[in-house]
1. Hey, residue A:228 hits all of (1) within 19 Å of residue A:357 (Cβ to Cβ); (2) modelled with pLDDT of 95 or more; (3) not in a helix (DSSP H, G or I) but one; which does it fall short on?
2. Looking at (1) touching a residue at least 40 places away in the same chain (Cβ under 8 Å); (2) part of a helix (DSSP H, G or I); (3) surrounded by fewer than 20 Cβ atoms within 10 Å (Cβ to Cβ), which is the only condition residue B:282 fails?
3. Before we move on, is residue A:280 in a strand (DSSP E or B) and over 22 Å from residue A:299 (Cβ atoms)?
4. I want to confirm something. Restricting to region A:192-223 and keeping residues that are within 28 Å of residue A:394 (Cβ to Cβ) and not in a helix (DSSP H, G or I), which single residue is nearest to the chain's Cα centre (by Cα)?
5. Has region B:91-105 got any residue that is part of a loop (DSSP other than H, G, I, E, B) and at positive phi?
6. Going through region B:177-208 one residue at a time, which ones are touching a residue at least 60 places away in the same chain (Cβ under 8 Å), under 15 Å from the mean Cα position of the chain (by Cα) and closer than 19 Å to residue B:255 by Cβ?
7. Filter region A:161-184 for residues that are surrounded by fewer than 19 Cβ atoms within 10 Å (Cβ to Cβ) and modelled with pLDDT of 85 or more; which is farthest from residue B:287 (Cα to Cα)?
8. Keeping to region B:22-38, report how many residues are touching a helix residue (DSSP H, G or I) at 6+ places or on another chain (Cβ under 8 Å) and loosely packed, with under 14 Cβ neighbours inside 10 Å.
């Protein structure tokens, strides 16, 4: 008996999804749990697994179509099985879906139907090879064969050219481990000298970011507290630990920050909270999110119960989720449920910056670069590692003094990192 | 195996072929009574007599023209050009007649002729006697161009050249006659048109031939001390060009330099680089660099001459550049 597969609902506020790519085609065998399609929601591109096994009998919607939640998208059954008439009919239904769907502002001068315009954003493969990325032909080929996004690699060849060893080290997890900080693909968009205005249709992700950030900055009263951390102990401990870890498991500075923040949040439950009208919900779990730049926007990947996990496990978890986010293969669970966020621009040689609270969280920590600077120690000028960070807090939930104490508590862990190990 | 000089290896090849086939004979300036400018044919005149070892007037067009005629009627002449620079005097015969006769007469004639020519600089012979114009000759379909870099290859390739039914330009380097190497005694044939890996490595490929091989081997030894293992592919034959070992090596190392003694522009290196880009583009991990002679007429002054010729340090620098 043929089984109809519907557009899944992947978040409580999801109303529709864009079918980005069919992974299986009509006539292909499919097992229960195999990936059938990739769909794009407000937040990310996710894989849809087939709830049934058999043969793909019919794909009801086209790639690029915007489909309401629970509308049929495909039929799986036994080879040769006749597809019921109503199901075939729903193919027409699809056309209605299309014409009903009149989303958002139409880009000027563009006559394509809107759903198509919406569907243009990144099926993961399309972002792999942008001509503007400086990479050797070999690096490009290896990246293409392995579905690696060159834009996210740091080239070590002359002039920053991405060469074979860069891609290979990314493949073995080397470079990917650096990704805990934001690396913006935007910087590698083509520089085209044109005197014409360019109209860029927002992706779903971009629309979501626009909506949520506007909501946050207009409805959440922010205040900010900055602190400078002595990072010498963390740098030394990291070096010591990494000597014993394989390349793909080395700890990043960010891993230490994530752990320290989680422990500090345990002491300041009011910052691990959500404002809810006439009350504040202090979350029982500390789930720290890390902002990750992806093509066309950013996502926050979440490590659940961060305070309970050892550093190495946090590091591995973040690495995995960041890699999935970059590949556009993120799972809903990777990005749901954070109670506090960290945005780290350390790898861009940023001294300090300020982030916008990521609702419904109450606070977010913006982290700059750890850098070796002259410091005064016992009246003498010496070299020392320093890192600046700024916490942005929802003033409805907390006040300056509490945030300052939180930042001090964070200093305790970062400056005596052995505390993170006990 | 005996270690003999390049001179002895070439001499052995000539003698063995003359002993084997009475149609083989030698002609050229000073090849007979004097024994050859580079003493390659010393003793031949006494052994084979004036009919098979012919001293000629100083007239290169006459030498090559006569050799072509002899070849067309069934002889196997080995014509010697005292230097390849004099080939320009016989250019019409070398590039316009010999390579095309078989084709233009619909296969009625073959031209089984070998032109032995001495090329290269480094002996302070001045700008007009020190050139490496190999690429010019390799440009013409129908003319086989061979240029060995070891005594073993010199012997094996010259014997094959003499037995070939196509006209072969066999280029020897003026500064390499004393280079020693192991050479099998007696019958030893190396097929024309086969490149050879002369040194195995993994970090980069050096494509070269003739004098460039000697320099590249030296450079590779230096690089090895720094942990860089260069693989050296010796072309040995410029036409027909065998790219297979070059491509196989490049697909392994993904980085290459090409070393030749001739000028860089429009040279052998340009050809090799183009072929790699055309046939192994997806394996290119860094721009391929050519190491070649400076673009000047080669100076007579020793210091300037050495500065204008490619040297081992140039190869080392280029290798490091492509590995950057």
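1. That leaves (1) as the condition not met.
2. The single condition residue B:282 does not satisfy is (1).
3. Against the criterion (in a strand (DSSP E or B) and over 22 Å from residue A:299 (Cβ atoms)), residue A:280 qualifies.
4. A:203
5. no
6. B:207
7. Out of the qualifying residues, it is A:169.
8. Going through region B:22-38 one residue at a time, the tally reaches 1.
The values are calculated or read from the model by the stated rules, or taken from the named source; none is laboratory data. Worth saying up front: this structure is predicted, and the values here are computed from it rather than measured. A quick note on method: Cβ atoms are made from the backbone with ideal geometry, for glycine too, and the neighbour counts reach across all protein chains shown.
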